[in-house]
Amino acid sequence: MAGFERHLADELEAIREAGLWRELRRVDSVEANRITIEGREYLNFSSNDYLGLAGHPALGQAAKEAVEKFGVGSGGSRLICGSLDPHHELEAALADWLGAESALVFSSGFAAAQGALTSLLGQGDVVILDKKAHASMIDAAKLSGATLRVFRHNDLENLEQRLQWAAEQGGRVLVATESIFSMDGDSPDLTALIELKERYGAWLMLDEAHALGCHGEGGSGLAKRLAKRVEIRMGTLGKAVGAAGGFICGSRGLVELLVNKARSFIFSTAPSPAVSAAAVAGVKLVRGDKGESLREKLWQRVEELRRGIEALGWSIPAEPSTILPLIVGGEAKALAMMGQLREAGLFIPAIRYPTVARNEARLRVTVSASHSSDDLQALLESLAR
């Protein structure tokens, strides 16, 4: 035990010395635009609850009714006794919303990525990842046993070089990327990317986590119009939908394969029926009139804040996005800026390595439909000091 504890102490000290120490904050309450930590309320510019639906009464009522009918837990994995009505209702709702033949719900987006890539690829195959792809896809690619290659962020010329090499290897080839990148808020040229992967006979896995609810017809994301040309679409339910969990959607054959091969699905207790029922309610709101009005308000707030941030001299991605990264460089500088904003009553955590590359530490500002113009003005005034 002594040697083990010494190892832990050494590892922790190295993390502290590198300025990368992290610890859990005890949050007393949280809303899309407010958060209370240790008794103090802050304006919250860190939430992924883009439409402010996590606290909507319809989601709470759906969860309550599911608890009363099914209990809190699902009681088993989906293939044993845990495949309950709310799971099936949610999968049908997702498939209909996103224009897919079928969908499969996982306990998290991380589990969805792992289940998909490890089921589809193996030794002798190649997976090509955008350099800034989410950690879930990176870890899943490594776990699959396929050869991993990386292309420069949103650089299709570099992707083509990787595809040319992969085509010579003789195995299956899959490209994995995001429609809205979680830390930068930018997007690839999806049409050009799809044309490129088709030219080389590759498959595409697209993570729509930060696009769903905010972009596209009925909040259906950036890829629905191209759905028949995207083999695997992945998403999460804990952002604009306001609930929790992840999913894969695509052809019926894809979902049937995942049910039979995806270890993160087969060997996991099914999601809570209450959470799945809440997600069904969230999807209904997102794609309905309420969602349309919330999206209109959201994009008004995004544009308002973008103009203010650019007027202060910050450079942010040109693409419309609810994610506005304020890149400061060093970890210590980002932490200091985070502290200054907290003193002013604003909660925006510093994002540091390994979440982003070294010397690209930032404050990741996210906008919600719940923010008011006064909230945005308070942030801009603090940034100007």
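FYI, it's all coordinate maths here, none of it is from the lab. Note that this is a predicted model, so its numbers are computed, not measured. Methodologically, a virtual Cβ is constructed for each residue, glycine included, from the backbone with ideal geometry; neighbour enumeration extends over all protein chains shown.
In this label model, R26 and F4 are separated by 2.7 nm, measuring between points 7 Å along each Cα→Cβ vector. Across region 61-66, coupling constants 3J(HN,Hα) worked out from phi with the 6.51/-1.76/1.60 Karplus curve, θ = phi - 60°, read 5, 4, 5, 4, 5, 5 Hz, and Gly and Pro carry x. Ignoring lysines fewer than eight residues from K142 along the same chain, the ones with Cα atoms less than 18 angstrom from its Cα are K131, K132, K261. Close amide-amide hydrogen proximity is noted between V150 and L129, each under 5 Å apart and 5 or more residues distant or on a separate chain (H modeled in the peptide plane; Pro and chain starts excluded). Tell me which lysines have Cα within less than 23 Å of K69's Cα, excluding those fewer than 8 residues away on the same chain? The reachable lysines, counting only those whose Cα sits under 23 Å from K69, are K284.
Taking other Cβ atoms within 10 Å as a rough exposure proxy, T147, T36 sort from fewest to most as T36, T147. Which of A223, A211, V241 sits farthest toward the positive end of the charge dipole of region 207-251, with +1 on the Cβ of Lys and Arg and -1 on the Cβ of Asp and Glu? In region 207-251, that residue is A223. How would you classify the chain from its alpha-carbon gyration tensor, with a ≥ b ≥ c the square roots of the eigenvalues: rounded for a/c under 1.5, else prolate if a/b is greater than b/c, otherwise oblate? The shape class here is rounded.
Under a point-charge model restricted to the Cβ atoms of Lys and Arg (+1) and Asp and Glu (-1), what is the dipole moment magnitude of the chain relative to its Cα centre, in debye to the nearest 20? Working shown, then result.
Details: 43 positive and 49 negative charges, 69 e Å.
It works out to roughly 340 debye.
Rounded, prolate or oblate: which fits region 226-385, taking a ≥ b ≥ c as square roots of the Cα gyration tensor eigenvalues, rounded meaning a/c under 1.5, else prolate when a/b beats b/c?
Details: a/c = 2.21, a/b = 1.68, b/c = 1.32.
In terms of gyration-tensor shape, prolate.
Take the Cβ atoms of W165 and T355, set R0 to 22 Å, and the FRET efficiency comes out at 0.15. Label zone of E101 (point 7 Å out along Cα→Cβ, amide N under 16 Å): in region 260-291 this covers 260. Listed by chain and number, the lysines whose C-alpha is less than 21 Å from the C-alpha of K228, apart from same-chain residues fewer than 8 away, are K197. Label sites at Q61 and L257, each approximated as a point 7 angstrom past Cα along Cα to Cβ, lie 4.1 nm apart. Inter-label distance, R385 to E296: 3.6 nm, where each label sits 7 Å from its Cα along the C-beta direction. In the chain, the DSSP-assigned H stretches of four residues or longer account for a calculated mean residue ellipticity at 222 nm of -13500 deg cm²/dmol, using -39500 (n - 2.57) per stretch and the full residue count as denominator.
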